[in-house]
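Here is the structure we will look at, set down as structure tokens.
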Amino acid sequence: MPVEIHQVRTDVADAWVAWDGDPSKDYAYGGCRLVGWRTGYEDAVGVLCALMRNESGYKNALINLAVEEGALDDLSDALPPGFTRARVGGGRCIIRPASAAVAAILEDPQHPEFRDTILRIFEPLGELLNSLDGKVKLTPDFGKFAGVSDLLHEFTPHVLGIHCDSGGCGGKASYSATGVTAAYETLEFEGLIKSSQVTLIGSAGAMGTTVLADLIDRTDRDLTVCDLKYDDGSAQPPAEVPRLTSVPDRFPDEALSRSSTVIATTWGHELQRSNHSLLQPGTVLLLAHNLAIPTGVEGIELMRQVSRPDILVVPGQTLTFGGALTSRLEWFSRQAGITAFDKPLAHQVVRRVAGHWARRLTRRTNGHGNPYEELVATCEPLVA
């Protein structure tokens, strides 16, 4: 099916919205992301389509399949009407600022001109979503912005991630962290995590701090952390937790050389620049970012190099279900007239789906080898 791409042009930014064009789906869903103001049209559309397919498309396909395979059957009575029957496709939005000055405003939610500037983009973007009759729903989650979804909600109902008091799921970081810890617990239960050593890379970020708090609660963990924010003094790790020195744009050698579980809640792309040959036998590497592995042939080749028979690498699409899954729960809750989002239920739902895929992929590969290729083989027919 052909991808549909729509453009919104304003004096402060251009925005592009893409969805997979599959009329059999209830709707298409994805997040938003800023790109550089100098990004050319072809590059912008390339980023848009890659995110729509390999992030949003894959993740929604995994959720659809998990529901079909019964991952949420024990919660069916608590789920809102229509949720378990829904099938969601991939969608995405990118925003390209018109100038360096506008980019500086949009990258800083505390900037005095942020609200007025973003509303000039969101008003026509909301009109576009309304004109598509709900075929596409977005979460404007680019960067570190709380409450931005509520601004788009002023112009359209087809925005997810709105404030909890309005029936929305709110910020997604805590739900994504639940997916990471659920996968960790599942792999430990399956006997694939055998060491108590855990290194958490990116432990001072929005998701990393929540994962860190959960790991600290596990008093038997031998925990080490690292984050660039610790090194520049803008954040401090817990006093009782040892830390490693971070390295920009790559994973520290010392973090990879520990025989342990390594959890990376970073921006992605670091693995490509890292010395993954240092990974020790028995290491489990959880890449908690959707695009931590490059798309296409490049990603498959990288995973063939990293995923040796005695090393297990779990891709981010199977960990960070927080946004795609809780936003789906939000939509059907709102449709049912529920005005106070059920956060405990949402965490349970994320736990079930993340655990389902941690078991499914690792059992298919006998607990080692290359779950990424299994992920690709599973998702590609579903997003084609």
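Quick notes on this structure:
- Cα gyration tensor category, rounded, prolate or oblate, for the range 100-186 with a/c compared to 1.5: oblate
- Length-normalised contact order for the chain - Cα pairs under 8 Å, 6+ apart - percent: 18 percent
- The range 79-172, dipole about Cα centre (Lys/Arg Cβ +1, Asp/Glu Cβ -1), debye to the nearest 20: 560 debye
- Relative to the dominant Cα principal axis of the chain, helix 173-189 is inclined by about 30°.
- Percent carbon-and-sulfur accessible area, the chain, ignoring ligands, DNA and RNA, probe 1.4 Å: 50 percent
- From most to least packed by mean Cβ count within 10 Å, the peptides 44-50, 208-214 give 208-214, 44-50.
- Per residue, the accessible area of the range 75-231 comes to 40 Å² when a 1.4 Å probe rolls over the protein heavy atoms.
- Of every Cα-Cα pair in the chain, the percent that sits beyond 40 Å: 11 percent
- With an a/c value of 1.5 or above and a/b not larger than b/c for the gyration tensor axes a ≥ b ≥ c computed over the alpha-carbon atoms, the range 198-334 is described as oblate.
- Take every DSSP beta bridge whose two residues both sit in the range 227-353; close to 10 percent of them are antiparallel.
- With both residues required to sit in the chain, DSSP beta bridges show an antiparallel share near 35%.
- Taking a ≥ b ≥ c as the square roots of the Cα gyration tensor eigenvalues, the range 276-329 comes out oblate, since a/c reaches at least 1.5 and a/b does not exceed b/c.
- Adding -39500 (n - 2.57) for every DSSP H run of four residues or longer, then dividing by how many residues the chain holds, sets the calculated 222 nm ellipticity at -12000 deg cm²/dmol.
- Accessible area per residue for the range 316-383 is 36 Å², calculated with a 1.4 Å probe on protein heavy atoms, without ligands, DNA or RNA.
- Choice from 133, 249, 26 showing the highest fluctuation, given a GNM over the chain with Cα pairs closer than 10 Å: 133
- Summing +1 for each Lys or Arg and -1 for each Asp or Glu among the other residues whose beta-carbon sits under 13 angstrom from that of residue 9 gives -2.
- Straight-distance candidates among the lysines for linking to residue 229, with alpha-carbon spacing under 28 Å and chain neighbours fewer than 8 residues away dropped: 144, 172.
- Length-normalised contact order of the range 222-305 in % [C-alpha pairs under 8 Å, at least 6 apart]: 23 percent
- The chain, dipole about Cα centre (Lys/Arg Cβ +1, Asp/Glu Cβ -1), debye to the nearest 20: 460 debye
- Around the amide H of residue 341, modelled in the peptide plane, lie the amide H atoms of 167, 168, all under 5 Å away and 5 or more residues distant in sequence or on another chain.
- For the range 28-44, putting each phi into the Karplus relation 6.51 cos²θ - 1.76 cosθ + 1.60 with θ = phi - 60° gives couplings of 10, 9, x, x, 10, 8, 7, 10, x, 5, 8, 4, x, 4, 4, 5, 4 Hz, in residue order, rounded to whole numbers and with x for Gly and Pro.
The values are calculated or read from the model by the stated rules, or taken from the named source; none is laboratory data. Given the structure is predicted, the values throughout are model-derived calculations rather than measurements. Here Cβ is always computed from backbone atoms with ideal geometry, including for glycine, and neighbour counts include all displayed protein chains. Heavy atoms of the whole protein, side chains included, go into the accessibility calculation; ligands, DNA and RNA do not. Shrake-Rupley method; radii C 1.70, N 1.55, O 1.52, S 1.80 Å.
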